[in-house]
Structures are given as structure tokens and as C-alpha cells.
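Participant: The structure is given below, and queries will be raised subsequently.
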Amino acid sequence: MSARAEPIGARLSCDYDSVMKGVKNRPTAPMMKLPIPKLPEKLEHLLEDGAVETSDATSDILTAGTKVVVTIGPACQEVETICDMIKSGMSCARLDLTNGDIEFHARTIRNVMDAAMRCQQMVAIMVDTAGPEIFVKSGDPETYENGWPKWGKATTVKMGQTVVITDLQTAKFSQARWPVTFEHFAKMCKVGDNITVGRYLSTGMEGSSVTLQVTKIVDEHDVECVAMNDAELNGLITLFIKDCHSFADLLLHDKEEDKSLPILSARDMEILKVLAKIKNQGSDCIDFLSLSYTSNKGQIIEARQALDALGLSSAKIMAKVESKKALSNFESILNAADGIIISRGNLGIDVSVEMFPMLQKALVQACNAAGKPVLATRVVDSMTQSPRPTRAEATDISNAVIDGVDGIILGAETLRGLFPVLCVKTVLLCARQAETIFDSGQHYNSVMKRTDFLTQLESMASSTVRVADKIQAALIVVVTGSGRTARMVAKYRPNVPVIALTVPRIRADAFNRWHYSGRHQARQSMIVRGLYPMLAVGSTDEGGILEDCVERAAGLGIAGASENIVILYNPPGSEVPVIKLVSMDRTGKKMDQRIQSSMNFAAMQNNAAMGSSGSESGDTSGVHFA
């Protein structure tokens, strides 16, 4: 800490007797002296030199483990803006099919791929479906601008105003009568229900959503409601009924009469058919499907079949949990899906506000124990219009990171917000600070306690993290094909980066059609916390590939001079993975030696039990996938 003319403690405290000297009838000196805690050195430096420049603070953002998924919309669709967001730490681009035409979304994918090539960084692509969303038919857009609808003002509603919601398909929109897209809407309502109606992705701070309370079921088509607040409705208007079990059950097929809304709407399928034809450097462009309104595992199976039929069999399915019905089936949904999105917008409406924070923690813990990525939405709503988040939002990001989320999804903040690039930087800066106090050891023990049975592979993955901690390694490298083992290692949240080293390959299927793999699997690591994909290049022998990986990691500043590196891979002819320990040379530019030590499964079982990091010497050649 640099010297000060006056220590900060002297300015914050004083000697009572010296100050009160000469004062008549002065009160008795306080019996307790409140100690002023010494500020951390980093904070002292910050107070001296002022705030850190954001550009400098994000220059090494690659070392931030938390991932950021950015919704691409009119505010950030340009290639230059996407490049800026990638440089700021964006790891995945999200396309929201609820709004915009086919050409808009196809152009978004092409722009994201172009920006990724310019920045020489991997960026995953996630497609978010509209699914069984219910909309208010307020009219057609006034105009379209580059495929994006420009909506006019629908209506203004005042507190206490009576509004009739109707599912009569011939009804016209007016200030007092709002037709909806679902023809069985009135049948699922009951007196006392609360209905939230508002602009799609409404932040709640824009005055663009209203809560209606059902006061009367007029007939089989009309429902009478009273407005609980003022609002100005505009844009694409959606509807959600709080605590309505019949709404959730709409997704289940009725044997007598089909009253269900499909998990993938006709519009979703139409757009997916077009997007599925776009290829990203030899592989499918779509890495993830975000399945809206998931309420049971059957819908995930149905979506999986639809993706397979479209040739998107490699895409992973992220189930969006946004209703109480989904919570009641959460365990089966978690088992069937490849990951979970906590959709805090609708879920925050459906669940009591005082229970939601605890619920979020429970969902995150369950996903962590299962080793599946979990993402949270709606964290910096105010940045849609403000360059700075609220203190509550900054705290919210930090708490989510400490709880164990893999990443944050930005919605309206980047889709139509005024500060998309700054928003990405801000979220990652908050996340990176929270990661500095994240207790990796406590998380490791918590996950181990929640895991009933360790498979042989998972035992090696957990042992790899344990070894890295014991030898204070700077980096973990997992040689992988599908990325599964790398994700399993990242599940234990080591306090060092994990590189998923993927070896690209070409294979033929049963119909003798050739498929290229590697890039697609690598990009799917971009939503897993602390996991960084890297494609193997150069020599095909094990030593050459690993040396190249280590040198590139050194170039990125992840590993330095004389630091240890733990490598997990499958040697040829072996049925179990092997752990290798290598180190950087004194220059910090390459490996000091190809193989320092290796550990087989049996040895690691013994060492894990003893809490040591003993090794068994050995050498292998060739690369197999862990």
C-alpha cells in the first residue's frame, strides 16, 4: 500500500478526550470504542487512484469463469457491436424467436459467425422458442425495419379500470376489451386469479405491464378483470396467469379434446427449419435450444425428436423453468434436459416473492449436484435504460455467482437496451469480483455430499480437481471428444480454469454420410462456468497436442512460469482416464517436460482417500477422448 499523508483510520476516528477538552458539562466518555476495520489493500488503492477503467478491467475477462448469454436484437445486431460484446466477454448469442421474422434471425446468425471470425473467439448460438406463449391481439405492427416489427402504442390502462379479456377469435382490440390468441383462455380462469399483461420482456420498471384481477367469468369466452395499477401497453403484449394450474396443464394432451398448446409452436418449427440449414464452419449453427414453458420431461423428449428430424441432433436442450408446474416436475426435467434456465420473469410472478430467493438457491444447488449448467435471467433490468445497474442488481449478480450459477442471460437489456456492450462488461465485472470470494472447497464438499454414487469417470473428474488444489495448479486440461468429461470436471468448480481440449474429427454415419465434429462440441462448453474450449491443432501425437495447448494457454495468460498443470485424458488401450502432471518452464512459454507424472484410477482412489497427491510414473502415446 502506498504511503498517505494521513492514514484513513485517523480521518474516521478521533480521541474523545482531546476533542471535548474545555467543553463544560461534557458527557461521560463512551465506555466502548468502536474499532474501524482496516481497509483491504485493493480498496485502499481504489480510493487513492479512483475507479478502475472498464476497458482495463475487462482486458483479461477470459479468466472470468461466469458466462454471459446475450440476446441479440435491434440494439446489438450489427457485426461491430457483436464484436465489442465478444471482446467484453460474451460467450453465447441468443436468438429469441418470439419476435422478428425469419430473415432477421438468419441475419443474426450470420452476423454472430462473422463477428466470431473477426475476433478469433468461439461463440455459441442458442435459439429460444416462443412455445405456448399467449399474446394479446392488439393489432399488427405499424412497420417493419430490417425484419423487426415496430409496434405502436396499444392502450393506456388506469388503476381500478375494468377490462374484459376474451378468447373470441373474431373480437377486435379496444381499450376495454382485449382479445387473446388462445381460444380456450376463459375456461382456465377463475375468480380471484391474477393475470400479468405487458410488453414482452417487460422489465417492470418501464410502466409497460399491468396486473389484472379476475372479478367475474362472464361466459365461456369473456373474463372480467380489474386493473391493479396504471400502465401503458405497447409492443408485443404477452399474458401470464399467476398460480394457474390449468395454464400449466395446457401443455398436456387431453384424450377427449385436444386443448393443448404445443411446446414448439408452428412458427418455431418454421423458423428452425430455415436456421437448421445454416452451417457454422462445417457444423450445425445451433448449439442450444432454449425450450420455453417446459413443465414435464415429455416435452423435452418431444423437442428432441423435432430437432432430430430437422438434422439438429447435436443441439442440446436447455429447459426453461418458469411455472409452479415445472417446479413440481423439476427432478424429471433436470434428468431429461441438458441444462436448466431459471426464467425469473414468469417464475418470479408464479412464486411468492418472499420464497423466490430461497427457491433460486435450491434450483442452483440441484443443477450443480447433477453437473448440468444452470443459467439465470433478469438480473440488470434497469440497464435497459440506465448505464449503471442498481445496487440491488449488482448484489443479485454477486449472490447468483456465489450460489453457483454457470451464467447470466441478458434479455431486454441487450435486445432493445441502450447500453448492450456496457451491460456485458458490467455483469462480468460483478461476477469476477464475486468469484474471488467463491469458496471452491465448500462447493466441492457440498457436491460430493449430494452425489449418492460416483461413477468411475466422475471419480476421476473429482480427483482431478482435488489434485489441482493440492499441488496449487494454475490450470486443468481435459482432452475430450463430446465435452462430457470436461463438464464433469467443471461441475466441482475448481478455483482454476479448465480447458476442454477437443480434437476435431470426421466420421461416417450408418448411411455413409460424413460428419464433422469438434467445433460444435467445443462451442457447447461456452455456457459452463470456468470451462474454456480449445480445438487441438498441429501434430496428432499426444505430446505435440498437449504442448500446443499449454503454449496457447500461456499466451492467453492463464498459465505462467514454473506453474503446475493437471491433464486428464484417456491413453490408448486404457479403459480408464489418466491424470498427468506437467509444469511450465522458467520462461512461462512452454512445457518444462512432456510428462512429469501420471496417475491411474486405482492410485487416485488411494490418494484421494489419503488426501495426498502421490503419482505413478508412466508414459503413453496417442490421444483418446476422456
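We did not get these values from a lab; they are worked out from the coordinates using the rules stated. On a predicted model such as this, the values are computed, not experimentally measured, just so you know. Don't worry about glycine lacking a Cβ; one is built from the backbone with ideal geometry, like all the others, and counts go over all protein chains shown.
Participant: Can you flag which of K67/K491; K137/K325; K470/K589 are past 20 Å Cα-Cα?
Facilitator: Pairs exceeding the cut-off: K137/K325; K470/K589.
Participant: Right, next: Sort the following peptides by mean Cβ neighbour count (other Cβ atoms within 10 Å, averaged over residues), highest first: 547-557, 310-320.
Facilitator: Per-residue Cβ counts within 10 Å, averaged per peptide and sorted highest first, yield 310-320, 547-557.
Participant: Right, next: Give me F356, F438 sorted ascending by neighbouring Cβ count inside 10 Å, so fewest comes first.
Facilitator: Result, fewest neighbours first: F356, F438.
Participant: Any idea what the relative contact order of the range 106-177 is, in percent, if you count C-alpha pairs under 8 Å spaced at least 6 apart?
Facilitator: Relative CO of the range 106-177 lands at 20 percent.
Participant: Let me ask something else. Got a sec to turn the phi values of the range 227-239 into Karplus ³J(HN,Hα) couplings, 6.51 cos²θ - 1.76 cosθ + 1.60 with θ = phi - 60°, whole Hz, x for Gly and Pro?
Facilitator: Karplus-based 3J(HN,Hα) across the range 227-239 equals 6, 9, 7, 7, 6, 10, 8, 8, x, 7, 9, 10, 9 Hz.
Participant: Give the order of H520, H443 when sorted by the count of other beta carbons within 10 angstrom, beginning with the fewest.
Facilitator: Arranged by neighbour count, lowest to highest, H520, H443 become H443, H520.
Participant: Looking at the range 302-358 from every direction and averaging, what is the projected area of its Cα convex hull in nm²?
Facilitator: Its Cα hull, projected and averaged over all orientations, spans 4.4 nm².
Participant: In addition: Rounded, prolate or oblate: which one fits the range 384-482, using the alpha carbon gyration tensor with axes a ≥ b ≥ c (rounded when a/c is under 1.5, else prolate when a/b beats b/c, else oblate)?
Facilitator: Prolate is the answer for the range 384-482, as a/c is 1.5 or above and a/b outweighs b/c.
Participant: What does the C-alpha gyration tensor say about the overall shape of the range 374-422? Classify as rounded when a/c is under 1.5, otherwise prolate if a/b is larger than b/c, or oblate.
Facilitator: Cα axes put the range 374-422 in the oblate bin.
Participant: Give a quick list of GluC sites (Glu not before Pro) in the range 276-369 that DSSP marks as loop, anything other than H, G, I, E or B, with at most 12 other Cβ atoms within 10 Å.
Facilitator: Passing sites in the range 276-369 are E354.
Participant: Which three semi-axes in whole Å describe the equivalent ellipsoid of the range 134-249, each the square root of 5 times a Cα gyration tensor eigenvalue, listed largest first?
Facilitator: 22, 16, 13
Participant: Note down the relative contact order for the range 134-249 as a percent, whole number, built from C-alpha pairs under 8 angstrom at least six residues apart.
Facilitator: RCO, the range 134-249: 33 percent.
Participant: Under the Karplus relation 6.51 cos²θ - 1.76 cosθ + 1.60, θ = phi - 60°, what is the ordered set of whole-Hz ³J(HN,Hα) values for the range 141-158, x standing for Gly and Pro?
Facilitator: Karplus values, whole Hz, x for Gly and Pro: x, 5, 8, 10, 10, 6, x, 10, x, 10, 8, x, 6, 7, 6, 10, 10, 10.
Participant: Which order, highest average first, do 129-142, 364-377 follow once you tally other Cβ atoms within 10 Å for each residue and take the mean per peptide?
Facilitator: Ranked by mean Cβ neighbours within 10 Å, highest first: 364-377, 129-142.
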